[in-house]
Amino acid sequence: MNFFEKKLSGETVYDGKILKLEVDKIELPDGTAAKRECVRHSGGAAVLCVVDGKVLLVKQYRYLYGKEIYEIPAGKLEKGEDPQVAAARELSEETGISATLKPYLKIYPTPGYTDEIIHIFIASDYRCGEQKLDDKEFLSVIFKPLSEVLEMIEYGEICDAKTVAAVYKYLSENN
């Protein structure tokens, strides 16, 4: 059976700085109609940086969760921006570190309602510089031992999807 869903029409409900919300009328594989609420997002780029067995993390307050969370450095892609350029920019701005970046992993964080893709890179050849946070961006930079990061994931202290995916891929390749 073909599972393709054909777009019949669409309406933009909201068009903001970070995302666009569209409601599309679609045709299902059985010929019936349905609606899809679609969050359109330009995507993101993130960096896994492991130095001497320690993972580079940032800790910042995330309003929607109402708490501080740990995650690998990351940020939003500007429209049409190359993900590797965005990853290098975010790593430098958030942590002051510049590095050679290699594509590592691509994830669809929430495929049920958004087209966001997060491109994850792995860092090597690190150079320390000066942190240059965006206006109204507040975070701290922490290196945590890989074993501690794994425990934090296992006990639910780290729940960020891109971080969990990157760390588990790293562990699967380095054990």
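The values are calculated or read from the model by the stated rules, or taken from the named source; none is laboratory data. Nothing here was measured: the structure is a model prediction, and the numbers come from that model. Cβ coordinates were reconstructed from backbone atoms using ideal geometry, including for glycine residues, and neighbour counts include every protein chain displayed. In case anyone asks, the SASA skips ligands and DNA or RNA and just uses the protein heavy atoms, side chains included. Shrake-Rupley method; radii C 1.70, N 1.55, O 1.52, S 1.80 Å.
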Review point. What are the trypsin sites (Lys or Arg not before Pro) within the range 13-102 that DSSP puts in a loop, where the Cβ has at most 10 other Cβ atoms within 10 Å?
Key: Lys17, Lys79
Practice item. Give a quick list of trypsin sites (Lys or Arg not before Pro) in the range 120-175 that DSSP marks as loop, anything other than H, G, I, E or B, with at most 10 other Cβ atoms within 10 Å. Key: Lys136
Practice item. With a Förster radius of 45 Å, plug the Cβ-Cβ distance of Asp115 and Asp52 into 1/(1 + (r/R0)^6) and report the FRET value to the nearest 0.05. Key: 0.75
Practice item. Give Lys20/Lys162; Lys67/Lys162; Lys20/Lys102 a once-over and call out the pairs whose C-alpha atoms are over 26 Å from each other. Key: Lys20/Lys102
Check your understanding: Taking a probe of 1.4 angstrom, what is the accessible area of Cys128 in Å², to the nearest 10?
Key -> 120
Study note, to complete from the structure: Note to self: C-alpha centroids of the range 1-72 and the range 81-96 sit apart, in Å, by 20
Check your understanding: On average, how much area does the Cα convex hull of the range 59-131 cover when viewed from any direction, in nm²?
Key -> 5.7
Check your understanding: Counting chymotrypsin sites (Phe, Trp or Tyr not before Pro) as exposed when in a DSSP loop with at most 10 other beta carbons within 10 Å, what is the longest stretch of the chain free of them?
Key -> 66-137
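Please give the FRET efficiency for Leu28 paired with Lys106, using the beta carbon to beta carbon distance and R0 = 25 Å, rounded to the nearest 0.05.
After rounding to 0.05, the efficiency reads 0.35.
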**Study point:** Estimated inter-spin distance, Glu68 and Cys128, nm [label 7 Å along Cα→Cβ]
**Key:** 2.1
Check your understanding: In nanometres, what is the gap between the two model label sites at Leu21 and Glu173, each 7 Å from Cα along Cα-to-Cβ?
Key -> 3.8
Review point. So, in nm, how far is label Val141 from label Leu8 when the simple model puts each one 7 Å beyond its Cα toward the Cβ?
Key: 5.3
